[in-house]
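**Q** Right, I'll just put the structure down here and ask away after.
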Amino acid sequence: MKAGDLLHVTRAASVQFTRPIFFRVIRVLDWPTYDGWCWLDGYELGPKMDAVTRRTIFVQLNGLQVKHEHLTHGGG
């Protein structure tokens, strides 16, 4: 996990995400936490994949989906 990563965050990462979001990582915070969990600072992305809200989220690493492909804006 590193700055710039695009994540699809679902309930598998934390129960708070009943509605999945896309999240662009700014940094991984070095805060004490449980094994396998981390705090991430970044931006929630909207439907057009633009940053809409800056957030700090607490998630399970094994529940995150890293998106390696380039996601484009919806619709033409």
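**Q** Restricting to region 40-71, and then to whatever is open to solvent by 60 Å² or more (accessible area, probe 1.4 Å) and of a type in the set (Asp, Glu), can you tell me which residue is farthest from Val15 (Cα to Cα)?
**A** Ranking the candidates gives Glu69 first.
**Q** Say we look at region 1-39 and pick out the residues that are under 13 Å from the mean Cα position of the chain (by Cα), more than 16 Å from Val52 (Cα to Cα) and among the small types (Gly, Ala, Ser); which of these is least open to solvent (accessible area, probe 1.4 Å)?
**A** Ala13
The values are calculated or read from the model by the stated rules, or taken from the named source; none is laboratory data. Owing to the predicted nature of the structure, the values given are computational and were not obtained by experimental measurement. Please note that ligands, DNA and RNA were not included when accessible areas were found on the heavy atoms of the full protein model with its side chains. Shrake-Rupley method; radii C 1.70, N 1.55, O 1.52, S 1.80 Å.
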